[in-house]
Every structure is written in structure tokens, then in C-alpha cells.
1. Any residue at all in segment 108-122 that is surrounded by 16 or more Cβ atoms within 10 Å (Cβ to Cβ) and touching a residue at least 40 places away in the same chain (Cβ under 8 Å)?
2. Run down Ala145, Ala118 and say which single residue is closer than 25 Å to Arg214 by Cα, modelled with pLDDT under 95, aliphatic (A, V, I, L, M) and assigned to a helix (DSSP H, G or I).
3. Pick out the one residue from Glu5, Glu47 that is at pLDDT 95 or above and over 30 Å from Gln174 (Cβ atoms).
4. I'd like to check something: does segment 168-176 contain any residue that is surrounded by fewer than 16 Cβ atoms within 10 Å (Cβ to Cβ), more than 19 Å from Gly24 (Cα to Cα) and at pLDDT 95 or above?
5. Quick test of your reading of the structure: Pro37 fulfils all but one of (1) loosely packed, with under 15 Cβ neighbours inside 10 Å; (2) out of contact with any Gly (no Cβ under 7 Å at 6 or more places or on another chain). Name the failing condition by number.
6. Here is a list: Val56, Val82, Val108, Val63. Which entry is closer than 18 Å to Val186 by Cα and touching a His at 6+ places or on another chain (Cβ under 7 Å)?
7. Restricting to segment 1-14, count the residues that are among the polar types (S, T, N, Q) and assigned to a strand (DSSP E or B).
8. When segment 197-217 is examined, which residues are found to be surrounded by fewer than 15 Cβ atoms within 10 Å (Cβ to Cβ) and among the β-branched types (Val, Ile, Thr)?
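The values are calculated or read from the model by the stated rules, or taken from the named source; none is laboratory data. Source: prediction; values computed, not measured. As a convention, Cβ positions derive from the backbone with ideal geometry for all residues, glycine included, and neighbour counts pool all protein chains shown.
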Amino acid sequence: MTPVEIKICGITRAEDALAAIDAGATMLGLNFYPQSPRCITLPQAHEISRAVAGKVNLIGVFVNTNVSGVLAIARAVPLDAVQLHGDESAADCETVAAEFAVIRALKVDAEFSAPPAAQFAACCALLLDAPSPEYGGAGKSFSWAAVDWKRLRATFPSARLWLAGGLDEANVRQAIAIAHPDAVDVCSGVESEKGIKSVPRMRQFVAAVRDAERQEQ
């Protein structure tokens, strides 16, 4: 099994970013959604970026920010990729993808099915998350078994599939066994409080992911 990438999202402090890397994270998420308790300012993002330069990929999370604003922040940090987690259009994805890799979040509810392939053709990855008024970070999961993963992969053969929503060290093994994602995205599941990461929980989460990989081999 190809190693599952691990994104620890909602990083607000440089010390948490470095601890996440030390724990084994391969990507870090910086939240720029003003309504989120984990939203950071551009100066905070600069501090984190300087601390982790060359060590990990930084992904900016945006919710319904106009494209010009997304690009301005992505250039300034700088970010390695942009995660569009709101109601952004296919045209928005295409515009951002002209400069940055785009991860498009999809809300998995009872009516979820694979969207038309052309809708997100510009995206390098699709992130499946539980529906939430907060647009993620609520610690809620969805029914992984209810998704037709085979059909989704066939519809988007060139896009990587990421799994998010309520993941933690206790359930990520089962999630990987069912979905076989290319990457897992964790936020509240490795926190001691909102916006503050727990070093033991980050280490336990990464260990659980690697254990799930061994079980799949």
C-alpha cells in the first residue's frame, strides 16, 4: 500500500507546526476562514511558514473567499496548495489552479454521489468531509461505507482522494480500511483545545495511520 499522507489542519502556532512535523505529518493546514476559531492572520502564517520552510507542504484552507483574495494570501505566505472548502464554483477552482494546486472539499451527506468529472477537473485532489455549518473542524464524521469509492475513483482517475471529518487515533484505522484514501486530514481530533494541538494525540494519530497501512499490506 502506498503510504497515506497525513495533513494536520488548523495549525495556529509555529511550535505546533514543528511538533506536527516531528510527529510525522506530511502536510499542514492553515485556516483563513474568518468564522473559524482556528483562523490565523497573515503575520501568523508568515511566522509558521518561516519556521517550517522546506520541511513540509503548507495548504491554505479558504471558505467562500473571492478568488483574488485567495491568490493574494497564497502568494504572500507562500502556500504550496489551496484547499477550497466552501461553495466555490468550478470556475473558481480553475482560476486558482492556474497558479496553485487545488484541493476541493466535498460535503458527504445522505444524497452524496460522485459529481460530474468535468466539474472539478482542475483539482489535484478531492477531500471528502462531513457536512457542517462550520465548514469542517466540528469533529463529526460521515458514513465511510456509504460512499461508492470505486465509482468516485473511476470518475476522477487523476485526482487523489482525501478523507476528513471527525478522524482521530481511535477511528482512523477503520476509516483507512474502508476508504483506502490517499491522504487523511485531521484537525480537532489531535487538539487539546480549539486551535491548540496536542503532541501526544498527534503522535498517536500518526502511529494509528501507519499501523493501518501495515494491516493493509
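1. Scanning segment 108-122 turns up at least one residue that is surrounded by 16 or more Cβ atoms within 10 Å (Cβ to Cβ) and touching a residue at least 40 places away in the same chain (Cβ under 8 Å).
2. Numbers: Ala118 fails: closer than 25 Å to Arg214 by Cα.
Result of the check over Ala145, Ala118: Ala145.
3. Only one candidate qualifies: Glu47.
4. Within segment 168-176, one or more residues are surrounded by fewer than 16 Cβ atoms within 10 Å (Cβ to Cβ), more than 19 Å from Gly24 (Cα to Cα) and at pLDDT 95 or above.
5. (2)
6. The unique qualifying residue is Val63.
7. So the count comes out to 0.
8. Listed by number, the list is empty, since nothing qualifies.
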